[in-house]
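*Asks:* After the structure tokens below, expect a handful of questions from me.
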Amino acid sequence: MASVALSEAEKVYIVHGVQEDLRVDGRGCEDYRCVEVETDVVSNTSGSARVKLGHTDILVGVKAEMGTPKLEKPNEGYLEFFVDCSANATPEFEGRGGDDLGTEIANTLYRIFNNKSSVDLKSLCISPREHCWILYVDVLLLECGGNLFDTISIAVKAALFNTRIPRVRVLEDEEGSKDIELSDDPYDCIRLSVENVPCIVTLCKIGYRHVVDATLQEEACSLASLLVSVTSKGVVTCMRKVGKGSLDPESIFEMMETGKRVGKVLHASLQSILHKEESLGPKRQKVGFLG
């Protein structure tokens, strides 16, 4: 992950500010930076989104392809995640420098989507044991400026909201063989319900307090962070501790409560933005990820 070098004086300045609920950029401990969200930015995908949070820029594309259901879940489709850490994001990702981080992020996404309530996977099944939709979710890190996991989870949810899967019918002839017929109407498609798709809220412990949406400088002052996956109703679906430092039980409980509180507000704001953007229809001006 991208890092920044700070002097001891700078670290003391940041830590003391956090204790007074005043961060370097003027935010409080539970405030997010301005989030820019744009969907339908890549034309050759089933759904896509670009999210910019501070200096962190993420592009997500979703591609729906037909495949065979997994043996243990014959009546469900499934999601596959791939994360590409572009060398343009930070020089540390040159060569194979970003592979470990990409694998870590992909595994985290698998964990938060590994429950029946996140996405209705049964709606992706076409014919049990034979055909289903597989959603390939590709995440590209364009710029890395702190708080990666939160930004990626927002972008994934926005891309899934934007995803349109062609409607298909299974036709069976007199001999019992099955054929799949794809609808000719490009607007005849199914949409995924993303109401229960969780977002990640990362809480960084700095001194005796914790902050959300940490910058690179604040992450350098934190020895331990807690990743909390929260739904729009404030339900925690999974947690993960990162960093070399330790967290006491009382701090974990406080960070969970903060995560639930902040997560509900984050979901409400994101849903409002997504529905507002969709209501503009084809008239809306597209910026794109090169804008």
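*Asks:* Leaving out ligands and nucleic acids, note down the accessible area per residue over the range 60-101 with a 1.4 angstrom probe, in whole Å².
*Replies:* Values: 2410 Å² over 42 residues.
That works out to 57 Å² for each residue.
*Asks:* Per 0.36 nm of contour for each residue apart, how much would the distance between Val4 and Ser279 grow if the chain were fully extended, relative to their Cα-Cα spacing?
*Replies:* 94.9 nm
*Asks:* Roughly speaking, what is the centre-to-centre gap between the range 121-188 and the range 1-41 when only Cα atoms are used, to the nearest Å?
*Replies:* So the separation of the two Cα centres works out to 36 Å.
*Asks:* Let me ask you something else. Can you list which of the trypsin sites (Lys or Arg not before Pro) found in the range 196-278 are DSSP loop residues with at most 15 other C-beta atoms within 10 Å?
*Replies:* Details: sites: Lys205, Arg209, Lys233, Arg240, Lys241, Lys244, Lys260, Arg261, Lys264, Lys276; in loops: Lys233, Lys244.
Of the trypsin sites (Lys or Arg not before Pro), the ones in loops of the range 196-278 whose Cβ has at most 15 other Cβ atoms within 10 Å are Lys233, Lys244.
*Asks:* Compute a Gaussian network model of the chain, connecting alpha carbons closer than 10 Å, and tell me which residue from Val230, Val262, Val168 fluctuates the most.
*Replies:* Maximum fluctuation in the GNM of the chain, among the listed residues, is at Val168.
*Asks:* Test of the criteria: in the range 1-107, which GluC sites (Glu not before Pro) are in a DSSP loop and have at most 14 other Cβ atoms within 10 angstrom of their Cβ? Before the final figure, lay out each step's value.
*Replies:* Numbers: sites: Glu8, Glu10, Glu20, Glu30, Glu36, Glu38, Glu65, Glu72, Glu76, Glu80, Glu92, Glu94, Glu104; in loops: Glu20, Glu30, Glu72, Glu76, Glu94.
Passing sites in the range 1-107 are Glu20, Glu72, Glu94.
*Asks:* Candidates [x] 20.3; [y] 23.2; [z] 19.7; which is the computed Kirkwood radius over Cα pairs in Å?
*Replies:* [x]
*Asks:* Specify whether the C-alpha gyration tensor of the range 1-130 places it in the rounded, prolate or oblate class, a ≥ b ≥ c being the square roots of the eigenvalues: rounded for a/c under 1.5, otherwise prolate if a/b is larger than b/c and oblate if not. Let's see the in-between values first.
*Replies:* On the way: a/c = 2.39, a/b = 2.10, b/c = 1.14.
Prolate.
*Asks:* Name the residue, out of Leu160, Leu53, Leu270, whose mean-square fluctuation peaks in a Gaussian network model built on the chain with Cα pairs under 10 Å.
*Replies:* Fluctuation is largest for Leu270.
*Asks:* What does DSSP give for the range 6-279 in terms of the percent of beta bridges that are antiparallel, rounded to the nearest 5? Spell out each step's value before the answer.
*Replies:* Details: 50 of 58 bridges.
The antiparallel fraction comes to roughly 85 percent.
*Asks:* About the Cα centre of the range 6-279, how large is the charge dipole given +1 on each Lys and Arg Cβ and -1 on each Asp and Glu Cβ? Please answer in debye to the nearest 20.
*Replies:* On the way: 30 positive and 45 negative charges, 167 e Å.
The dipole of the range 6-279 has a size of about 800 debye.
*Asks:* Where does the longest stretch of the chain lie that holds no chymotrypsin sites (Phe, Trp or Tyr not before Pro) found in a DSSP loop with 10 or fewer other Cβ atoms within 10 Å? Numbers along the way, then the final one.
*Replies:* Numbers: sites that count: Tyr187, Tyr208.
Segment 1-186 is the longest.
*Asks:* Please identify the trypsin sites (Lys or Arg not before Pro) of the range 66-118 that satisfy two criteria: DSSP loop assignment and at most 16 other Cβ atoms within 10 Å. Which are they? Write down the numbers at each step before the final one.
*Replies:* Numbers: sites: Lys70, Arg96, Arg111, Lys116; in loops: Lys70, Arg96, Lys116.
Of the trypsin sites (Lys or Arg not before Pro), the ones in loops of the range 66-118 whose Cβ has at most 16 other Cβ atoms within 10 Å are Lys70, Arg96, Lys116.
*Asks:* Only Cα pairs within less than 10 Å get springs; with that Gaussian network setup on the chain, which residue of Pro166, Pro69, Pro249 has the largest fluctuation?
*Replies:* Looking only at Pro166, Pro69, Pro249, the largest GNM fluctuation is found for Pro249.
*Asks:* Here's another thing I want to ask about it. From the helices alone, meaning DSSP H stretches of at least four residues, give me the mean residue ellipticity at 222 nm for the chain, per-run term -39500 (n - 2.57), in deg cm²/dmol to the nearest 500. Walk me through the numbers before you get to the answer.
*Replies:* Details: 5 runs with 78 residues, N = 291.
Dividing the helical sum by the residues of the chain leaves -9000 deg cm²/dmol.
*Asks:* May I pose another question? Express the carbon and sulfur contribution to the solvent-accessible surface of the chain as a percent, rounded to the nearest whole number, probe 1.4 angstrom.
*Replies:* Details: 7760 of 15170 Å².
Solvent-exposed carbon and sulfur of the chain make up 51 percent of the total.
*Asks:* In addition: Size of the dipole of the range 63-218 about the Cα centre, Lys and Arg at +1 and Asp and Glu at -1 on the beta carbon, nothing else charged, in debye to 20? All intermediate terms of the calculation are to be shown ahead of the outcome.
*Replies:* Values: 16 positive and 27 negative charges, 148 e Å.
Around 700 debye, computed over the range 63-218.
The values are calculated or read from the model by the stated rules, or taken from the named source; none is laboratory data. Everything quoted here is computed from the prediction, not taken from an experiment. No Cβ is skipped: glycine too gets one built from the backbone with ideal geometry, and neighbour counts run over all protein chains shown. Heads up: the accessible areas ignore ligands, DNA and RNA and are worked out on the full protein's heavy atoms, side chains in. Shrake-Rupley method; radii C 1.70, N 1.55, O 1.52, S 1.80 Å.
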